[in-house]
2 protein chains.
Amino acid sequence: MKHDYVDIDTLKFLLYNVHQTEDLLSRERFSDYDITSIDIFIDSVKTFSDTALFPFIKDMDEKPSYFKDGKINVHPQFENIIKTGGEMGFVGLGFDYDDGGMQMPSTIFHAAYFIMEAANNHVPGYFGLTAGSANLILSFGSQMLKNTYVPNMLDLTWGGTMCLTEPQAGSSLSDVKTTASPTSEDYYLIKGQKIFISAGDHQFSSNFVHLVLARVYGAPSGIKGVSLFVVPKKRPTQNGELVYNSADIVGEFEKMGQKGYCTTHIVFGDNDNCRGWLVGEPNKGLSYMFQMMNEARIATGRMGTAIASAAYYSSLKYANERPQGRKLNRSGQKNAEEEQTLIINHPDIKRMLFSQKAIVEGSMSLIFQTSNYFDKEITSTSDEEKEKYNLLLELLTPIAKTYPAEKGIESTSNAIQILGGYGFCFDFMPQQYYRDIRIIALYEGTTGIQSLDLLGRKITEQNGKALELLAEEIQQTIKEANSYDDLKPYAAILLENLGLVKKVMNILMPHALKGNFERFLADATVFMNFLGTIVVGWQWLKIANKATQVLEKKNVNLPNEFYKSKIHTMKFFYTYEMTRTKGLAKTLMNNEELTISVPNDIF
Amino acid sequence: MKHDYVDIDTLKFLLYNVHQTEDLLSRERFSDYDITSIDIFIDSVKTFSDTALFPFIKDMDEKPSYFKDGKINVHPQFENIIKTGGEMGFVGLGFDYDDGGMQMPSTIFHAAYFIMEAANNHVPGYFGLTAGSANLILSFGSQMLKNTYVPNMLDLTWGGTMCLTEPQAGSSLSDVKTTASPTSEDYYLIKGQKIFISAGDHQFSSNFVHLVLARVYGAPSGIKGVSLFVVPKKRPTQNGELVYNSADIVGEFEKMGQKGYCTTHIVFGDNDNCRGWLVGEPNKGLSYMFQMMNEARIATGRMGTAIASAAYYSSLKYANERPQGRKLNRSGQKNAEEEQTLIINHPDIKRMLFSQKAIVEGSMSLIFQTSNYFDKEITSTSDEEKEKYNLLLELLTPIAKTYPAEKGIESTSNAIQILGGYGFCFDFMPQQYYRDIRIIALYEGTTGIQSLDLLGRKITEQNGKALELLAEEIQQTIKEANSYDDLKPYAAILLENLGLVKKVMNILMPHALKGNFERFLADATVFMNFLGTIVVGWQWLKIANKATQVLEKKNVNLPNEFYKSKIHTMKFFYTYEMTRTKGLAKTLMNNEELTISVPNDIF
């Protein structure tokens, strides 16, 4: 088998052909790059992943990060990973040249992280959170904050984190209680505690820069009173020394998966001298944080997709090597004298492999689509274009986070199932991927939160303009598909589904217009499942269009079978997945209100 | 919260009202029992589970069974469990009085095990496998085998196992290679190895009785040459001593879940003197084993249901205690001055709780329905009745195994989701249940194997007679529901689904009749999902019928709300689950053959 965890040909086909990287590279911001330089970059990431990441994923599960004597200890291989990752510039891939970055399109940035996460999902969060927090400082921080913190973060000498969650307030950020008291100096005194802080500490970076949500004394209640602070683990003095700043690691959450990726508990200001520096203006913390959150949501979906990719290739390898059972002959019997056949020859195994392939590659395409909108937004030259891509980006972000999370569970479960009893055993990888991926639906806003965001905010904003823009994009793909006979039936299904979305919205919107938001949003998660399936169906038709086009124009640089397999998998998706949408629509249009206004003791 | 892992009121309502235990008890075999004595028995099992099982489930996960110096060591609490379980007679619950059993209906037997498994799913397999193997000896073994082995198994002085799987042949039992060479004595010499042997060894039983599938020298190839042997770990001599029998434990499989329930690797006959005694006639081993397998399949589904039950109550408790977030007001805003609300007040949390309740209680009902057919079969006085119940039992068995396995994964995943980030952490139980339940779809024939059995054997036998009988049973429930106005719409949906089953079979059967079995069975797993959903929908309508009837007749012994909650949950099932069947039918009726005759390198 040629792939251990990712298929680079598919990744490049999605990037270059389906999502037309060259178009992006023609924009001024990215004009230093061409396909050749991107190719070289991607291949170098793959080499790094093959050698420094993939060989250690099992060992990181077996030797989890742990808390001892006020410190978090991560797997020893992180020494090499942090050093090399810093040297390779993974933190600043998307940053401006002026900020020490590489000014790469985010689509390419995500592709690189995808490869690393598929190789070892316990790792890239250490890079990504440092990138996200450095980016927040660059976007909204003072020149002093930029100068003091960013250079050391760029090469991972210092790590970065985002500190949102508190014990009494998980998803409910309006209940943040950590306080920030102004002083006569340029800093505030921070006091409070934060939990579930990913990449919060380890022995291979000399300092950590925490981006902390806190409430300035006297600030309004709710999210309108939340500000953002830079709170270093150790504060740098004028002469460059690092001084204790009372940001204490007090514990590590022990988890069922992603054990190499630490999840810490931090107490700020136990000695009443924890200093934090305000980022931007007071009480605007949540809006700043959302820049990071939105990137992190795409990144989380990407990570889910990457784990599912690794599980897929792990089960594919097994299916190609394991003999078991025989085919039935014309009289429905098996001939026990025959050699056993490889299990990949059983249709049910193929069904489970196709299901994984359809979820993994469809999700990859969705991640690239979403980040493509991001790149187009930031490089747009007109306000109108900028707004269009912003709306599309905002609409797709919760879907790009959730579809890979939820369907990724199913996908990795199929990987286990292909291995039979061995799938449940520690000797094989699928059980680890299955444990690892379960966090994805919880990180960065649970599926429920994403679904409220999708239906309650993204869909309704500006009278549904984002959904209209999406429908236009989808119509474009349908139109293209209609020029290929083989694809017409699938274009028709997608069109029918667009109509179904409209029908569902016609039933749901009146509840919102009447102010009955509880009713409007009660089945938001079902809506997410519904629209997510259609959006990935759109991605698959887009993939099939491109594959067909390449084959017709004989513009291939891979065997014809590669492109045909994409068309075949599109058909699988439409036959086994798109068939679910009508039932989901029916659930969404029910008028029983079964989950509303029933007493809690009904259970 | 009153329930930690199971709701005994629901269990008794399903047993006594929905599945009419009294009807069973009126049959001669069970006539020593009445509802009062069954009540006392169930309550004693609950007390045992509360004190000896539930408090240890977390610790069994943290201190797994392990292999050392040729022996398996299980958690120390098993000393008490094995002793008390033996005394309480859990092995012989269903056995004849003459065999030292309690001659209880299997429906009650399953209810008792359900409670124990919900309390601690790592435990009851030790009882159940001993029961199953003793039952095999009683059913098919010689008087000598019965006398020698069964008495010691009844009180768990000795444990019993079933040894089917070999490394080179997982699900493919026709490839069993373990050999049995006849000797001039009454025993054979056994040589080979078996893997994945649940409850294969531990320090608290003095001997183990392995029921081993092996091939007598010169036997036909395939399943027709497989015989069944009793192979004791230590063989008893005339004077009652136990002698080494070369049935060596060589390892323990380390698993992602159910870690307290050992999974061993056994090598037979390394010294060429492992003695085994033939059970029944040669070459009929698989047909004998299938008696045990069929019971074990229902038991496995029961175990899945029980794990999902425990996860449900664990997440329900959290939802009732955890404040987070606020309701939206009429202008779609939240008032941050308000106290946070309990998360159970959010519709999305209620949706996840109802989904769990619908899966758990629907599956429980399915297990009782299936075992009810078993009890009716064995107590039938006419051949016709016996055949009817046998066909219904055989048809439902693979569904009763698979529905709780597959939907139980979804159900426990919802339990995690309700806890948010905490759900992923070892401090809370849902993550353990989620890991534990993943084995259920693999034990005793994977979902793929069960689905082939359902569509390829149970549905087609006798020209589809079993499915006809099932349709009659379902029609009976529909008829009853039609006498209650509130239930009529759901009766109509169930009737429509019965029509859909016919429609699907009309498309599928011609493939079988033409001898194209590969095509016929390609989507057997989808068919399982389809029919399983409808069968559980039937169970829910049956439950709602009974609840409505009890309320109308004011024949309640629990608050009205209890019965109303059943009707409400039925509505939930029909609104959120039965809506899936049309899409599945569409997949089943597709004519694309996407998983057949495609090259293996398409992936």
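The values are calculated or read from the model by the stated rules, or taken from the named source; none is laboratory data. Just so it is clear, the model here is predicted, and its values are computed rather than measured. Positions of Cβ are generated from backbone atoms using ideal geometry, with glycine treated the same way; all protein chains shown enter the neighbour counts.
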I'd like the full set of residues that are assigned to a helix (DSSP H, G or I) and either touching a Phe, Trp or Tyr at 6+ places or on another chain (Cβ under 9 Å) or at pLDDT below 95 (or both), limited to the range A:540-555. A:Trp540, A:Leu541, A:Ile543, A:Ala544, A:Asn545, A:Lys546, A:Ala547, A:Thr548, A:Gln549, A:Val550, A:Leu551, A:Glu552
Is at least one residue of the range B:384-392 away from chain A (no Cβ under 12 Å), of a type in the set (D, E, K, R) and within 14 Å of the chain's Cα centre (by Cα)? no
Can you go through A:Ile474, A:Ile437, A:Ile449 and tell me which one is in contact (Cβ under 8 Å) with a residue 60 or more places away in the chain and surrounded by 24 or more Cβ atoms within 10 Å (Cβ to Cβ)? A:Ile437
Among the residues of the range A:128-141, is any farther than 29 Å from A:Ala306 by Cβ, touching a residue at least 12 places away in the same chain (Cβ under 8 Å) and in contact with a strand residue (DSSP E or B) (Cβ under 6 Å, 6 or more places away or on another chain)? no
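Table: residues versus (1) surrounded by fewer than 22 Cβ atoms within 10 Å (Cβ to Cβ); (2) on the phi < 0 side of the Ramachandran plot.
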{"position": "B:Glu185", "(1), (2)": "yes, yes"}
{"position": "B:Ile190", "(1), (2)": "no, yes"}
{"position": "B:Phe196", "(1), (2)": "no, no"}
{"position": "B:Ser205", "(1), (2)": "no, yes"}
{"position": "B:Phe208", "(1), (2)": "no, yes"}
{"position": "B:Gly225", "(1), (2)": "yes, yes"}
Exactly one condition in (1) surrounded by fewer than 24 Cβ atoms within 10 Å (Cβ to Cβ); (2) away from chain A (no Cβ under 12 Å) is not met by B:Ala308; state its number. (1)
Only one of A:Ile8, A:Ile35, A:Ile40 is closer than 24 Å to A:Leu316 by Cβ and surrounded by fewer than 19 Cβ atoms within 10 Å (Cβ to Cβ); which? A:Ile8
Filtered residues of the range A:562-592 (kept if surrounded by fewer than 20 Cβ atoms within 10 Å (Cβ to Cβ), more than 8 Å from every other protein chain (Cβ to nearest Cβ) and not in a helix (DSSP H, G or I)): A:Met589, A:Asn591
Of the residues B:Met528, B:Met509, B:Met570, which single one is farther than 22 Å from B:Thr305 by Cβ and either touching a helix residue (DSSP H, G or I) at 6+ places or on another chain (Cβ under 9 Å) or modelled with pLDDT of 95 or more (or both)? B:Met509
Scan the range B:309-347 residue by residue and report those that are of a type in the set (Lys, Arg) and closer than 27 Å to B:Lys407 by Cβ. B:Lys317, B:Arg322
Test A:Lys146 against the stated conditions and say whether it is surrounded by fewer than 20 Cβ atoms within 10 Å (Cβ to Cβ), modelled with pLDDT of 95 or more and of a type in the set (Lys, Arg). yes
Output for the range A:235-266, where each listed residue is under 20 Å from A:Ser198 (Cα atoms) and surrounded by fewer than 17 Cβ atoms within 10 Å (Cβ to Cβ): A:Val250, A:Gly251, A:Glu254
Identify, please: which residue in the range B:452-471 is away from chain A (no Cβ under 14 Å) and free of Cβ contacts under 8 Å to residues at least 24 places away in the same chain and is, among those, nearest to B:Gln539 (Cα to Cα)? B:Glu468
Take the range B:382-409 and flag every residue that is in contact (Cβ under 8 Å) with a residue 24 or more places away in the chain, among the charged types (D, E, K, R) and farther than 23 Å from A:Thr412 by Cα. B:Lys388, B:Glu394
Would you confirm, using the coordinates I've provided, whether B:Thr379 is in contact (Cβ under 8 Å) with a residue 12 or more places away in the chain, within 11 Å of chain A (Cβ to nearest Cβ), β-branched (Val, Ile, Thr) and surrounded by fewer than 19 Cβ atoms within 10 Å (Cβ to Cβ)? no
Residues B:Gly332, B:Gly280, B:Gly301: which one is crowded, with 24+ Cβ neighbours inside 10 Å and either more than 10 Å from chain A (Cβ to nearest Cβ) or small (Gly, Ala, Ser) (or both)? B:Gly301
Going through (1) surrounded by fewer than 16 Cβ atoms within 10 Å (Cβ to Cβ); (2) within 7 Å of chain B (Cβ to nearest Cβ) one by one, A:Asn557 fails only at (2)
In the range B:335-348, how many residues are of a type in the set (A, V, I, L, M, F, W, C), at the interface with chain A (Cβ under 8 Å from one of its Cβ atoms) and within 23 Å of B:Asn414 (Cα to Cα)? 2
Pairs, please: C-beta under 7 Å, at least 6 apart or cross-chain, first residue under 16 Å from B:Phe78 (Cβ atoms) and in the range B:146-158, second polar (S, T, N, Q)? B:Leu156/B:Thr130; B:Leu156/B:Ser205; B:Thr157/B:Ser205; B:Thr157/B:Ser206; B:Trp158/B:Asn152; B:Trp158/B:Ser205; B:Trp158/B:Ser206; B:Trp158/B:Asn207
In the range B:163-218, which residues are touching a residue at least 24 places away in the same chain (Cβ under 8 Å), among the aliphatic types (A, V, I, L, M) and within 14 Å of chain A (Cβ to nearest Cβ)? B:Leu164, B:Leu173, B:Val176, B:Ile195, B:Ile197
Taking the range B:173-200 and keeping residues part of a loop (DSSP other than H, G, I, E, B) and either closer than 14 Å to B:Phe268 by Cα or over 25 Å from the mean Cα position of the chain (by Cα) (or both) leaves B:Val176, B:Lys177, B:Thr178, B:Thr183, B:Ser184, B:Glu185, B:Asp186, B:Tyr187, B:Gly200
Looking only at the range A:506-527, decide whether some residue is free of Cβ contacts under 8 Å to residues at least 12 places away in the same chain, facing chain B (nearest Cβ under 8 Å) and in a helix (DSSP H, G or I). no
Pairs, please: C-beta under 8 Å, at least 6 apart or cross-chain, first residue facing another protein chain (nearest Cβ under 7 Å) and in the range A:415-434, second of a type in the set (Asp, Glu)? A:Cys425/B:Glu254; A:Phe426/B:Glu254
